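First the structure, in the form of structure tokens, and then the observations on it.
The values are calculated or read from the model by the stated rules, or taken from the named source; none is laboratory data. Since we're looking at a predicted model, the values are computed, not measured. Ideal geometry is used to build each Cβ from the backbone, glycine not excepted, and the neighbour counts take in all protein chains shown. These accessible areas exclude ligands, DNA and RNA; they are computed on the full protein's heavy atoms, side chains included. Shrake-Rupley method; radii C 1.70, N 1.55, O 1.52, S 1.80 Å.
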Amino acid sequence: MSDAQTPTASRQRLASVALSVAGLVFLVAGLLSSWSRLDVLLVPVALGLVALALAVRETAAAARPSRVAAVVLSALSILSPVATVAVVLAADALGTSASYTLTVDSPEPVDVVVRKDADQERRRWDRGDSITFSSRASVVGIDARAATPTTVISCEIRRDGRTVASAQRAGSVDCSVR
């Protein structure tokens, strides 16, 4: 039998690692399940801060898991939500712009509202008018209304050459795409 010392398991470091892993699992589960954004981002940070405090507080050098592993896991739990937000913001800022063509066809002029996210533009369009623009907007739509309620109006939205929305109704028509 060997009299060599075996490292002891530190309850604080085990708790630190467990909290860090719980924070990371919560972040992933929350992102995949579309939970409240505030909860998904704040809970892992809070768990990571507690885990970091527990990892640094323990003084036994030979305790398992090591202090470095506990600190790294807690830092990962703290920084993962920050990295998630940074990636989402960068993807939105650097995202590709799509080319949209919005067309309205009606036998008489119609009042049209073109929507690009929260921006709206109002115009009066003649038969077969269309507008083409490039946008990163997540919602693009068109609402056309005729003066005569029995006038049939059709609208179409094409994104990068493919039809993504179309409708036809009497009096007014609404096409939108997300």
Original post:
Taking the Cβ-Cβ separation of V82 and V56 as r and a Förster radius of 25 Å, what is the calculated FRET efficiency to the nearest 0.05?
Top reply: 0.80
Original post:
Across region 30-38, in residue order, what do the Karplus-derived ³J(HN,Hα) couplings come to in whole Hz, using 6.51 cos²θ - 1.76 cosθ + 1.60 with θ = phi - 60° and x for Gly and Pro?
Top reply: x, 5, 6, 9, 6, 6, 3, 4, 5
Subject >> Length released on extending from V164 to L49, taking residue separation times 0.36 nm less the Cα-Cα span >> reply: 36.8 nm
Original post:
Does region 85-174 come out rounded, prolate or oblate, given a ≥ b ≥ c as the square roots of the eigenvalues of its C-alpha gyration tensor, rounded meaning a/c under 1.5 and, failing that, prolate meaning a/b above b/c?
Top reply: prolate
Original post:
What spacing in nm lies between the two simple spin-label points modelled at V28 and V72, each 7 Å away from Cα in the Cβ direction?
Top reply: 1.7 nm
Original post:
Based on the mean of other beta carbon atoms within 10 Å per residue, what is the order of 14-22, 101-109, most packed first?
Top reply: 14-22, 101-109
**OP:** Find the accessible area per residue for the chain; the probe is 1.4 Å, ligands and nucleic acids are left out, and the unit is Å².
**Re:** 62 Å²
Subject >> Rounded Å value of the spacing that divides the Cα centres of region 5-56 and region 96-119 >> reply: 48 Å
Original post:
Between T150 and S176, what is the FRET efficiency for a Förster distance of 25 Å, r being their Cβ-Cβ separation, to the nearest 0.05?
Top reply: 0.60
Original post:
Net charge near P81, counting Lys/Arg +1 and Asp/Glu -1 over other residues with Cβ under 14 Å of its Cβ?
Top reply: 0
Original post:
How much length is gained if the chain between K116 and W35 is pulled fully straight, taking 0.36 nm per residue apart and subtracting their Cα-Cα distance, in nm to one decimal?
Top reply: 26.5 nm
Original post:
Which value results when the Cα radius of gyration for the chain is divided by 2.2 N^0.38 Å?
Top reply: 1.80
**OP:** For a quick protection proxy, order the peptides 129-137, 141-149, 40-48 by their average other-Cβ count within 10 Å, most packed first.
**Re:** 40-48, 141-149, 129-137
Original post:
If R0 is 25 Å, what FRET efficiency do you get for S134 and L89 from their C-beta distance, rounded to 0.05?
Top reply: 0.75
Original post:
Roughly how many percent of the accessible protein surface of region 98-177 is carbon and sulfur, given a 1.4 Å probe and a whole-percent answer?
Top reply: 40 percent
